Amino acid sequence: MVDLIVVGAGPAGITAGIYAARKKVDSLILSKDVGGQTILSGDVENYTGYQFITGSELVKKFEEHLKQFNVPFKGDQEVKRITKIEKGNFSVETAQGSYEGRSVIVASGRRSRLLGAKGEDIFRNKGISYCATCDGPLFAKKTVAVVGGGNSALDAVLQMMHIAEKVYLIDINPTLGGDQIMREKIVATANVEILNNAATKEIIGDQFVRAIKVEQAGALKEIALQGVFVEIGSVPNSDFVNGVKKNKAGEIIVDHLNRTNIPGLFAAGDVTDIPEKQIIVAAGEGAKAVLGVFRYLSQN
Amino acid sequence: MPNVKVYSTPTCPYCIRAKDYLKEHNIPFENIDVSSDENGLQEMIKTSGQMGVPVILIDGDIIVGFDQGKIAEKLGL
């Protein structure tokens, strides 16, 4: 039994680990990966202290900082369930084992939202990608589509228009969202074709993707291509917590001290209903959550 | 020593993590940058049936993505 189990090792979870170590709270971090979504950020220019750093470099810095404090860290542990057990304690189960803690901070972040179109599960990694930064170069001189209409979709188009021969931007909304500066660059690029009011219905292929079926103004259209990048936002990793109050989006509802409706269960970062999804905000929330836990442990 | 190949792109964060992980454990590996090596890319697609990086080959066994648990298991780390 430890005093605190932190679930997740993105900016919120790692900051929580550092604060817990400095407060001498006996803690354990369980996480599937290190860095969470931060690792996928290209250039970070708004994390105080770094005028410019890439997402993966920032994660390395986070990791080095955490290692200084010798916080017990178990990686490759995807949490399956958190349940309340006797005396107000918690059991946290992963595929590898079960751990008990007097308190828990859920800092499990978010994951890419799936498209939900036919063929998506078949062609994942066979032409469908959720990371243009990772897989973009595999589609050099090919035809690809980016599905989405927000900043992450625009960012994927900006990357792919220099790599691919042709890029379709398939947006379900009547007009593109995201930042104007990005939209302007895309609209002015000859090899990008924007389809608005367009719903992706199916991804077709044999061994790999060979076409996408899109519905626009009631008509189905098949576009031949080799790659599909899905950039339609993200969903919170909150399914494994029993009995905790969430909003309609599935985000864990927290108060200003990062408390959930369950005493001893705290949450921090992008998995919560705090609206600002920023690396620096998540890190700050991780710190706040530990200070809340410290208060809770001393009173219980 | 196991024969380890990492098919990667320079911009892919999980590729960087996978390579760092192998280096930390002093495992020599061959890095194939599929963004510039067209033959390497075709080899990756043919061997693994995958169009996503990283693809890691350990003594012929295919691991897709930076799956630390599987890598550790194969290498006995």
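The values are calculated or read from the model by the stated rules, or taken from the named source; none is laboratory data. Since the structure is predicted, the reported quantities are computational estimates derived from the model, not experimental observations. Cβ coordinates were reconstructed from backbone atoms using ideal geometry, including for glycine residues, and neighbour counts include every protein chain displayed.
Here are some notes:
- The condition of being touching a Pro at 6+ places or on another chain (Cβ under 7 Å), outside the structural domain of A:GLY55 (by TED's automatic domain parsing) and at pLDDT 95 or above holds for only one of A:ASN191, A:ASN196, A:ASN173, that being A:ASN196.
- Considering residues of segment B:1-19 that are among the hydrophobic types (A, V, I, L, M, F, W, C) and in a helix (DSSP H, G or I) only, the residue farthest from A:GLY136 (Cα to Cα): B:ALA18
- Residue check, A:VAL92 more than 14 Å from chain B (Cβ to nearest Cβ) and either part of a helix (DSSP H, G or I) or under 20 Å from A:VAL271 (Cβ atoms) (or both): yes
- Candidates in segment A:255-279 are the residues that are under 19 Å from A:SER234 (Cα atoms) and over 13 Å from the mean Cα position of the chain (by Cα); of these, the one that is surrounded by the fewest Cβ atoms within 10 Å (Cβ to Cβ) is A:PRO275.
- Against the criterion of being acidic (Asp, Glu) and at pLDDT 95 or above, B:ASP33 qualifies.
- Once segment A:125-134 is narrowed to residues that are modelled with pLDDT of 95 or more and either in contact with a helix residue (DSSP H, G or I) (Cβ under 8 Å, 6 or more places away or on another chain) or within 8 Å of chain B (Cβ to nearest Cβ) (or both), the residue that is surrounded by the most Cβ atoms within 10 Å (Cβ to Cβ) is A:GLY127.
- Any hit, segment A:149-157, residues being touching an Asp or Glu at 6+ places or on another chain (Cβ under 6 Å) and under 19 Å from A:ASN237 (Cβ atoms): yes
- Among the candidates A:SER56, A:SER31, residue that is hydroxyl-bearing (Ser, Thr, Tyr), modelled with pLDDT under 95 and under 27 Å from A:SER152 (Cβ atoms): A:SER56
- Single unsatisfied condition, A:GLY116 versus (1) over 22 Å from A:ILE203 (Cβ atoms); (2) part of a loop (DSSP other than H, G, I, E, B); (3) out of contact with any Asp or Glu (no Cβ under 9 Å at 6 or more places or on another chain): (1)
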